[in-house]
Amino acid sequence: MVKTRFLKRLEAAGHSVDTLTPAVGVEALLAYYAEERVDGCPPDEDGDMLLFQWGTDDWGDGPAFEVSIVRQLIVDDDEDEEPRQLNLRFRFGPASGKSAGEGNRWCESPDQLAKFRRFVTKSAAFKAVSDLSPESVEIRFGRT
């Protein structure tokens, strides 16, 4: 439902996963977080948070620079409390983020969204790739 809802929002805005840039995709996920709560995931109990992460990784296909924005959800009545994540990941050649290093930043509640958005959009990682066409875009939803 969470992934489906996000994909429908993208489509309604005239976007498709295949043509997303980080600028468009990140803003779409931030808007989704700002405008829609997920039942059973109370933000005041860390049940609905955002994570921006970046860095160069090698998952077996050679090194690549990645930026991702993740919506992490913890259902308040889930016995094992393992988070579920909606992960929007953009992959680029390793040179794209050479000067950006690696790191992450959390947004723990909707009240922190404006500050989080400023951090993301001003970060070296985002600036390096925001308007580039990625080598690949992946949207996954599932347990961490």
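Worth pointing out:
- With contacts taken as Cα pairs under 8 Å at a separation of at least 6 residues, the chain carries a relative contact order of 29 percent.
- Protein heavy-atom surface of region 43-90, 1.4 angstrom probe: 39% of the accessible area is carbon and sulfur, with nucleic acids and ligands not counted.
- Ellipsoid semi-axes for the chain, based on the Cα gyration tensor and the rule √(5λ), read 25, 16, 15 Å when sorted largest first.
- Among Leu132, Tyr33, Ser16 the positive-end extreme of the charge dipole of the chain (Cβ point charges): Leu132
- Taken over region 31-91, the ratio of Cα radius of gyration to 2.2 N^0.38 Å equals 1.34.
- Phi angles across region 58-65 convert, under the Karplus curve 6.51 cos²θ - 1.76 cosθ + 1.60 with θ = phi - 60°, into 3J(HN,Hα) values of 10, 9, x, 10, x, x, 8, 8 Hz, Gly and Pro given as x.
- Helix 22-35 vs. the chain, principal-axis angle (Cα, 0 to 90°, nearest 10): 10 degrees
- Those chymotrypsin sites (Phe, Trp or Tyr not before Pro) in region 10-65 that DSSP places in a loop and that have at most 14 other beta carbons within 10 Å: Trp59
- Angle in degrees between helix 113-122 and the longest Cα principal axis of the chain, rounded to the nearest 10: 10 degrees
- Straight-line cross-link reach from Lys127 at under 16 Å between alpha-carbon atoms covers these lysines, not counting any fewer than eight positions away in the same chain: Lys98.
- In the chain, the DSSP-assigned H stretches of four residues or longer account for a calculated mean residue ellipticity at 222 nm of -8500 deg cm²/dmol, using -39500 (n - 2.57) per stretch and the full residue count as denominator.
- Solvent exposure of the chain, expressed per residue, is 55 Å² of accessible area, with all protein chains present and a 1.4 angstrom probe.
- Within a Gaussian network of the chain (alpha carbon springs, distance under 10 Å), most fluctuating of Gly101, Gly60, Gly47: Gly60
- Think of each Lys and Arg Cβ as +1 and each Asp and Glu Cβ as -1; about the Cα centre, that makes the dipole of region 1-81 roughly 660 debye.
- Cα centroid of region 39-81 to Cα centroid of region 85-144, whole Å: 11 Å
- Evaluated at q = 0.12 Å⁻¹, the base-10 log of the normalised Debye intensity for region 87-144, with identical point scatterers placed on the Cα atoms, takes the values -0.35.
- Each Lys and Arg adds +1 at its Cβ and each Asp and Glu adds -1 at its Cβ; summed about the Cα centre, the chain shows a dipole of about 880 debye.
- Value in Å of the Kirkwood radius, where region 1-71 supplies the Cα pairs that are averaged: 13.7 Å
The values are calculated or read from the model by the stated rules, or taken from the named source; none is laboratory data. None of these values were measured; they are calculated from a predicted model. Cβ sites come from the backbone with ideal geometry, for glycine too, and all protein chains shown count toward neighbours. Surface accessibility is based on the protein's heavy atoms, side chains included, excluding ligands, DNA and RNA. Shrake-Rupley method; radii C 1.70, N 1.55, O 1.52, S 1.80 Å.
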